């Protein structure tokens, strides 16, 4: 709720940015083309994240500092408005704030698909997963999760430098997002009851072919929820990937970006409501136990 009200902390004091700078220095000292060095790097990052969460002294403060739902939806909406207005060139220039793929040859529909996929995947990374790990392990859990997610973004790439060194961070991120990605799909199904059966069937059918075991779940669920087809070929620099198609229906149009943003906003509201319900139930149970 803090993130919805005031957004992220300023960049100059953002703990995630500070963590990233620290891990860059640690990488400089530890890097070697070996999985063992990458495992030490990942374990160090998790320990630093958990310690920072414990030092925060507040679960709410820790979760606020590592969530970014408001900023994600703002940037996605901005790119969607640009392609809706026909300003594809500016939209291409803004797209790297959301995705890592090469935007230079993308048309309006392909940009819309990229934005929608990013909104789905990052709603897991930046909203559902931090809250889930806070429920599981308090402030240290939320901060340790964000440490894992940040390390994956930094070194979890399948290129010559990080294929071995980044392996541990990438596998940790896969494990940490396994349950949150499926919670996200479940919340989408709850909000799209008329499409719930189709949504779950689409996830079962299409997500396993995606290179990410969790992004595929979130993106396939979103594709079914909005009745559009996502996925397909893309390019990272000089590397081309033939990603699987996700969902059925036509390819996205610019207005579909705003539909996806509104839907993820509702997912976040539903998650907050469920967390509040669980919290109130826990408080009432504890009071009954004390008075018994």
Please find, among 121, 71, the residue that is at pLDDT 95 or above, farther than 23 Å from residue 22 by Cα and surrounded by fewer than 19 Cβ atoms within 10 Å (Cβ to Cβ).
71
Every residue from the range 1-17 that is farther than 30 Å from residue 273 by Cβ and either surrounded by 13 or more Cβ atoms within 10 Å (Cβ to Cβ) or modelled with pLDDT of 95 or more (or both):
17
Given (1) crowded, with 18+ Cβ neighbours inside 10 Å; (2) closer than 15 Å to residue 116 by Cβ, identify the lone condition not met by residue 250.
(1)
Scan the range 178-198 and give yes if some residue there is buried (at least 23 other Cβ atoms within 10 Å of the Cβ), within 30 Å of residue 88 (Cβ to Cβ), in contact with a helix residue (DSSP H, G or I) (Cβ under 9 Å, 6 or more places away or on another chain) and at pLDDT 95 or above, otherwise no.
yes
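Restricting attention to the range 80-97, which residues are under 20 Å from the mean Cα position of the chain (by Cα), farther than 20 Å from residue 266 by Cα and either surrounded by 21 or more Cβ atoms within 10 Å (Cβ to Cβ) or free of Cβ contacts under 8 Å to residues at least 12 places away in the same chain (or both)?
Within the range 80-97, the subset under 20 Å from the mean Cα position of the chain (by Cα) is 80, 94-97.
If we keep only those that are farther than 20 Å from residue 266 by Cα as well, we get 94-97.
Answer for the range 80-97, where residues must be under 20 Å from the mean Cα position of the chain (by Cα), farther than 20 Å from residue 266 by Cα and either surrounded by 21 or more Cβ atoms within 10 Å (Cβ to Cβ) or free of Cβ contacts under 8 Å to residues at least 12 places away in the same chain (or both): 95, 96.
Looking at 9, 103, which is the one that is in contact with a helix residue (DSSP H, G or I) (Cβ under 9 Å, 6 or more places away or on another chain), under 25 Å from residue 161 (Cα atoms), in a loop (DSSP other than H, G, I, E, B) and free of Cβ contacts under 8 Å to residues at least 60 places away in the same chain? Walk me through it before giving the result.
On the way: 9 fails: under 25 Å from residue 161 (Cα atoms).
Only one candidate qualifies: 103.
Being within 23 Å of residue 145 (Cβ to Cβ), part of a helix (DSSP H, G or I) and in contact (Cβ under 8 Å) with a residue 60 or more places away in the chain is the filter here; which residues of the range 191-235 pass it? Steps first, please.
Applying the first criterion (within 23 Å of residue 145 (Cβ to Cβ)) to the range 191-235 yields 203, 207, 210-222.
Filter again for part of a helix (DSSP H, G or I), leaving 203, 207, 215-222.
Answer for the range 191-235, where residues must be within 23 Å of residue 145 (Cβ to Cβ), part of a helix (DSSP H, G or I) and in contact (Cβ under 8 Å) with a residue 60 or more places away in the chain: 215, 218, 219, 221, 222.
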Let me spell it out: the conditions are (1) without any contact (Cβ under 8 Å) to a residue 12 or more places away in the chain; (2) within 17 Å of residue 32 (Cβ to Cβ), and residue 136 meets all of them except one. Which number is the exception?
(2)
I'd like to check something: does the range 168-188 contain any residue that is more than 15 Å from the chain's Cα centre (by Cα) and not in a helix (DSSP H, G or I)?
no
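From the list 52, 131, 62, pick out the single residue that is assigned to a helix (DSSP H, G or I), over 19 Å from the mean Cα position of the chain (by Cα) and crowded, with 20+ Cβ neighbours inside 10 Å.
Working: 131 fails: over 19 Å from the mean Cα position of the chain (by Cα); 62 fails: over 19 Å from the mean Cα position of the chain (by Cα).
Residue meeting the stated conditions: 52.
The values are calculated or read from the model by the stated rules, or taken from the named source; none is laboratory data. Values in this document were obtained by computation on a predicted structure and should not be read as measured data. Please note: Cβ atoms are built from the backbone with ideal geometry, for glycine as well, and neighbour counts cover all protein chains shown.
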